[in-house]
Amino acid sequence: MPFTLQLKCMVISPLTLNLDTVHLSDEQFYQLCQNNRELKFERTASGKLIIMSPVGGESGNREAELIIDLGIWNRQTQLGYTFSSSTIFKLPNGADRSPDAAWIQRQRWESLTPEQRRKFPPIAPDFVIELRSATDELETLRQKMREYLDAGVQLGWMINPQQQQVEIYRQGRDVEVVALPCELSGEDFLPGLTLSLPLY
């Protein structure tokens, strides 16, 4: 039986819907996102649907600058592919997540089929950036960063303007907290990438 849900609303802060009685297939979730393009969705591993809030001008500008920097580095090195916050990745635990910026090594991305690339790619990025907005709960964002690591992400930056710091997540290591302003390095995973972050 087809499942149809259309949502028309203005979301101020993230809204989580517990769909205990409705189990969306991957195709149904994809169609839900396609039918409601004005909204941004994520889905947890347990099947909860998250409707993400829109960001304001400052957060949108900061996010765009991060993607530009990552994209310029990638265009110069040709080592992989860069993705915006509009991309949803299907993680190995079943969650559908959309980091603010992401990057995948060329060989891993090109190993996917054209159909997998066209829809929500079933792959964890190698690198993610999350920029905390005014509506993001800090612990929820930290849980998301840990979920990325569990999925195989090698390096992640969680930029927290509210506390003027960056949390750096790496496989098998404790989280490193760096105060803003700072210069971040892509380390061995993204060789030559450096990002200078000001005070926000």
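The values are calculated or read from the model by the stated rules, or taken from the named source; none is laboratory data. Quick caveat: nothing in here was measured; it's all calculated off a predicted structure. We place every Cβ from the backbone using ideal geometry, glycine too, and count neighbours over all the protein chains shown.
Within the span defined as the range 160-175, one or more residues are over 18 Å from Arg97 (Cβ atoms) and in contact with an Asp or Glu (Cβ under 6 Å, 6 or more places away or on another chain). For the range 179-194, residues that are farther than 24 Å from Ala151 by Cα and outside any loop (DSSP other than H, G, I, E, B) total 4. Considering (1) within 25 Å of Met145 (Cβ to Cβ); (2) at pLDDT 95 or above; (3) not polar (S, T, N, Q), the lone condition that Leu15 does not fulfil carries the number (2). Only one entry of Ala101, Ala124 meets the criterion of being within 17 Å of Ile88 (Cβ to Cβ), modelled with pLDDT of 95 or more and in contact with a strand residue (DSSP E or B) (Cβ under 6 Å, 6 or more places away or on another chain), and that entry is Ala101.
Name the single residue that is surrounded by the most Cβ atoms within 10 Å (Cβ to Cβ) among those in the range 95-117 being more than 22 Å from Glu63 (Cα to Cα) and acidic (Asp, Glu). The qualifying residue surrounded by the most Cβ atoms within 10 Å (Cβ to Cβ) is Glu110.
Residue count for the range 95-126 under the criterion of being in a helix (DSSP H, G or I) and either within 24 Å of Gly186 (Cβ to Cβ) or in contact (Cβ under 8 Å) with a residue 12 or more places away in the chain (or both): the result is 6. Of all the criteria given as (1) assigned to a loop (DSSP other than H, G, I, E, B); (2) surrounded by 16 or more Cβ atoms within 10 Å (Cβ to Cβ); (3) in contact (Cβ under 8 Å) with a residue 40 or more places away in the chain, the one not satisfied by Pro92 is (2). Contact map, the range 71-88: residues that are in contact (Cβ under 8 Å) with a residue 24 or more places away in the chain paired with residues that are charged (D, E, K, R) and assigned to a loop (DSSP other than H, G, I, E, B), Cβ distance under 8 Å, separation 6+ or inter-chain. Pairs shown: Gly80/Asp126; Ser85/Asp100. Regarding Leu197, is this residue surrounded by fewer than 17 Cβ atoms within 10 Å (Cβ to Cβ) and under 27 Å from Ser53 (Cβ atoms)? Answer is no for this residue. Scanning the range 29-41 turns up at least one residue that is modelled with pLDDT under 95, surrounded by 14 or more Cβ atoms within 10 Å (Cβ to Cβ) and in a loop (DSSP other than H, G, I, E, B).
In a residue-by-residue description of the range 148-156, the property of being in contact with an Asp or Glu (Cβ under 9 Å, 6 or more places away or on another chain), in a strand (DSSP E or B), modelled with pLDDT of 95 or more and among the aromatic types (Phe, Trp, Tyr) applies to no position. Flag set for Gln107, criterion: over 28 Å from Phe41 (Cβ atoms), modelled with pLDDT of 95 or more and polar (S, T, N, Q). Among the criteria (1) farther than 24 Å from Ser59 by Cβ; (2) out of contact with any Asp or Glu (no Cβ under 8 Å at 6 or more places or on another chain), the one Gln143 does not fulfil is (1). Taken over the range 127-140, the criterion of being outside any loop (DSSP other than H, G, I, E, B) and closer than 14 Å to Asp100 by Cα is satisfied by Phe127, Val128, Ile129, Glu130, Leu131.
Being under 23 Å from Gly186 (Cα atoms), buried (at least 17 other Cβ atoms within 10 Å of the Cβ) and out of contact with any Leu (no Cβ under 7 Å at 6 or more places or on another chain) narrows it down to one of Leu149, Leu131, so name that one.
Leu149
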